[in-house]
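*Asks:* Sharing a structure with you now.
Rule-based calculations on the coordinates, nothing more; no lab input. Being a predicted model, the structure only gives us computed values, none of them experimental. Note that each Cβ is placed from the backbone with ideal geometry, even for glycine, and that neighbours are counted across all protein chains shown.
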Amino acid sequence: MTSPVDKDSAKPSNFLRHVIENDLQQGVYTARKWGGSPGDAEHHAQGMPDPAKVRMRFPPEPNGYLHIGHAKSIWLNFELAKEYGGVCHLRFDDTNPEKEEQEYVDSIRDAVRWLGYATDLADRPDAAGTVQLHEYFASDYFDFMYRAAEYLIGAGLAYVDEQSAEEIRANRGDFNTPGTDSPFRSRSVEENLARFRAMRDGQLDDGAAILRAKIDMASPNINMRDPALYRIRRATHHNTGDKWCIYPMYTYAHPIEDALEAITHSICTLEFEDQRPFYDWLLDRLAEGGLIESPHPRQYEFARLNVTHIITSKRKLRQLVEEGHVDGWDDPRMPTLAGLRRRGYTPDALKLFCERSGVTKSGGWIDYASLEAALRDTLDPTAPRAMAVLDPVKLVITNWGELMGGDDVLDDCTAPVHPHRPEMGRRTFRLGREVWIEATDYEDVQPKGFFRLFPGNKVRLKYGHVIECTGGTRDAGGKLIEVQAKLVPDTKSGTPGADAIKVKGNISWVAAADALQAEVRLYERLFAAANPGSGELLDELNKDSLVTCTAYVEPSLATAAGGAGFQFERHGYFVADTKAMAGGNRVFNRAAGMRDSWGK
């Protein structure tokens, strides 16, 4: 079978593409059916289209909000499925009811859809576990997992261990010492089945027993030293309610889910590499028993995404939320997809960042600046422009009334919505006697290389007239409270006299007469430490990760909708805050500056 990929495409090569293309060429999955044993109506496909196609999955656990690391996994699985004409499943690995909630399920659905991946990459709406065309739940396979566990017990491959957790841990050994067999390891099949059913029926207390695979307590791979398959947990499950009081371990459930969904390439990060032998052991045993089809899925590991100044530990992210160090999971400083979206990041920016980060088997760190660069590169060609003054001081044009026919006269000015896309149209605003400018645009005495406002210097009010600065006024504490200037006649942008006077400085401004007041939130990296998480978490926080200012913006932003992105000229890329705008407040979040300034 040949790959449907265009060999002349510009897609960068990586080891996963090589694996998939080789499998397709070899016809590895040609004879493969949907998961489940023949005659098993619950799991066996009827008329499934093209069983040989590439089938991927993104399997989040619904115990928190997805973060930027998940974005790479989503992008990788769904894009590879699309590239090779296959399908990709969104599967919730909901095997731990104590930490999982419907809120997280809903947030994961929303994040995957926002990134642009939904029903177009899935099929088999009648398959077990399907809620929507692209959506599956591990908990819908619990009955099969239980039957598989009883099969392993009956085959002498699993046993119920009633040691305490401390005893199990001590008897497991370490990298230098082999483990010690459990005293319950030699129980008969009949006794193990009875005790496992007692676990299922709620006759044993939480923690009183676990079901373990019987493999090799002396294995150099500690993960193969009789790993746990089931534990007792009396907890209400968001999907199955109180039907079960025993729940499968993730390492047991995950390969079964892959097999039942006929996944061809099970991609995970490198920390699961040592789990691969158990993944294969379990599926080999179930295939021998006829419970699943063969060939079964294979696991492949790639290096996780590590970005400087970011943590992706769900436990630590939850700590920040629950202790109030951030404003929820969607705080724009958070590395969650909800936070990045509210910050102003777009699906295209995150996909470009994932592509640029590469797919390898060796780890490493990617500088946060690369994330911001991907955002700039995707927004610059499309983001509407606007002027905003973030540190405002009033500029008074003292001869305005004399030249314009009255102090209250306003002069119409226009500017392109985007300098390189005339089809986006033009925006309009007005210039008057008083305008807001940035306080940093004025100096009493010219510093070296400074070409903006100082007494005697001429600058252009961008898209407007040339003015000549005559001075500034400061209060008793030295704070600048006003700047004065004179209008230079016949110098308006777009008129024949615009170039009569050459100036080195252009400054942005907003007229006091039609300016809109807005709250602007200047977000920075949440952590000052480049590699946070090694020390005390709270000590590593950047105390200046959020600075709020009262700003003035041009009137074209009066109709800005929540989530709309803009380039504020000179300042960077901003987005109208979805929550604030929905509440009637005008708030803009900075997504990224015009250039990386963190080092400064």
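*Asks:* Report ³J(HN,Hα) in whole Hz for each residue of region 327-337, in order, from the Karplus equation J = 6.51 cos²θ - 1.76 cosθ + 1.60 where θ = phi - 60°; Gly and Pro get x.
*Replies:* Values, residue by residue: 8, x, 5, 9, 4, x, 8, 6, x, 5, 5 Hz.
*Asks:* Still on this structure, I have one more. Tell me the Kirkwood hydrodynamic radius of region 231-359 in angstroms, computed as one over the mean inverse distance between distinct C-alpha pairs.
*Replies:* 18.0
*Asks:* Let me ask you something else. Considering amide H positions built from the backbone, and no H for Pro or chain starts, which residues 5 or more places from LEU229, or on another chain, come under 5 Å of its amide H?
*Replies:* LEU211, ARG212, ALA213
*Asks:* Please list, in order along region 270-276, the HN-Hα scalar couplings obtained from phi with the Karplus expression 6.51 cos²θ - 1.76 cosθ + 1.60 (θ = phi - 60°), rounded to whole Hz, x for Gly and Pro.
*Replies:* 4, 5, 9, 4, 6, 8, 4
*Asks:* Would you please give the residues with an amide H less than 5 Å from that of CYS245, counting only those at least 5 places away or on a separate chain, with H modeled from the backbone geometry?
*Replies:* none
*Asks:* Still on this structure: Once all Cα-Cα distances of region 485-531 are split into 5 Å bins that start at 0, what whole-number percent is in each one?
*Replies:* With a bin width of 5 Å, the distribution comes to 4, 12, 14, 17, 10, 9, 11, 9, 5, 6, 3, 0.
*Asks:* Next question, about the same structure. Just to confirm the filter: which trypsin sites (Lys or Arg not before Pro) across region 476-579 are DSSP coil and have at most 12 other Cβ within 10 angstrom of their Cβ?
*Replies:* LYS479, LYS502, LYS504, LYS543
*Asks:* With n ≥ 4 as the cut-off for DSSP H runs, can you work out [θ] at 222 nm for the chain, using -39500 (n - 2.57) per run divided by the number of residues, rounded to the nearest 500?
*Replies:* Dividing the helical sum by the residues of the chain leaves -7000 deg cm²/dmol.
*Asks:* I've got another one for you. Would you mind giving the three semi-axes, in whole Å and largest first, of the ellipsoid equivalent to the chain according to its Cα gyration tensor?
*Replies:* 62, 26, 20
*Asks:* Lys and Arg at +1, Asp and Glu at -1: add these up for the other residues within a Cβ distance under 13 Å of THR559 and post the number.
*Replies:* +1
*Asks:* For region 337-385, which chymotrypsin sites (Phe, Trp or Tyr not before Pro) are in a loop by DSSP, counting at most 16 other Cβ atoms within 10 Å?
*Replies:* Qualifying residues, ordered by number: TRP365.
*Asks:* Which angle between 0 and 90 degrees, to the nearest 10, do you get for helix 250-260 versus the longest principal axis of the chain when only C-alpha atoms count?
*Replies:* Orientation of helix 250-260: about 90 degrees from the principal axis.
*Asks:* On a straight-distance basis, which lysines could pair with LYS486 in a cross-link, Cα separation under 22 angstrom, same-chain partners fewer than 8 positions away excluded?
*Replies:* Of all the lysines, those that pass the test against LYS486 - Cα under 22 Å, at least 8 places apart if same chain - are LYS394, LYS458, LYS462, LYS502, LYS504.
*Asks:* I'd like the orientation of helix 15-26 relative to the chain: the angle between its Cα long axis and the longest Cα principal axis, in ° from 0 to 90, rounded to 10.
*Replies:* Approximately 50 degrees, to the nearest ten.
*Asks:* Give a quick list of GluC sites (Glu not before Pro) in region 375-457 that DSSP marks as loop, anything other than H, G, I, E or B, with at most 16 other Cβ atoms within 10 Å.
*Replies:* Answer by residue number: GLU443.
*Asks:* Over all Cα pairs of region 390-508, how is the pair count split among 10 Å bins, expressed in % and running from 0 up to the last occupied bin?
*Replies:* 13, 42, 33, 10, 1, 0
*Asks:* Using the C-alpha gyration tensor of region 276-327, what are the square roots of 5 times its eigenvalues, in whole angstrom, with the largest one first?
*Replies:* 40, 15, 7
*Asks:* Just want to confirm a number: the relative contact order over region 390-508, from Cα pairs under 8 angstrom separated by 6+ residues, in percent.
*Replies:* Relative contact order for region 390-508 comes out at 27 percent.
*Asks:* Please give the Cα centre distance for region 254-311 versus region 491-518, rounded to the nearest Å.
*Replies:* 61
*Asks:* In sequence order, what are the phi-derived ³J(HN,Hα) couplings for region 95-108 according to the Karplus relation 6.51 cos²θ - 1.76 cosθ + 1.60 with θ = phi - 60°, rounded to whole Hz, with x for glycine and proline?
*Replies:* Those phi angles translate into 10, 10, x, 5, 10, 9, 9, 4, 4, 6, 4, 5, 5, 5 Hz.
*Asks:* Here's another thing I want to ask about it. For GLY289, which sequence-distant residues (separation of 5 or more, or a different chain) have an amide H within less than 5 Å of its own amide H, given hydrogens modelled in the peptide plane?
*Replies:* none
*Asks:* Starting with the fewest neighbours, write out ASP242, ASP174 ranked by other beta-carbon atoms found within 10 Å of each beta-carbon.
*Replies:* Lowest count first: ASP174, ASP242.
*Asks:* A further question on this structure: Quick one: of the DSSP bridges fully inside the chain, what percent are antiparallel, nearest 5?
*Replies:* Antiparallel bridges make up about 70 percent of those DSSP assigns within the chain.
*Asks:* What is the ratio of the Cα radius of gyration of region 144-246 to 2.2 N^0.38 Å, where N is its residue count, to two decimals?
*Replies:* Its radius of gyration relative to the 2.2 N^0.38 Å reference: 1.09.
*Asks:* Specify the angular offset, from 0 to 90 degrees and rounded to the nearest 10, of the alpha carbon long axis of helix 368-379 from the longest principal axis of the alpha carbons in the chain.
*Replies:* The two axes meet at around 70 degrees.
*Asks:* How much of the DSSP bridge set in region 390-508 is antiparallel, in percent, rounded to the nearest 5?
*Replies:* 75
*Asks:* May I ask you to order 315-324, 203-212 by the average number of other C-beta atoms within 10 Å around their residues, highest value first?
*Replies:* 203-212, 315-324
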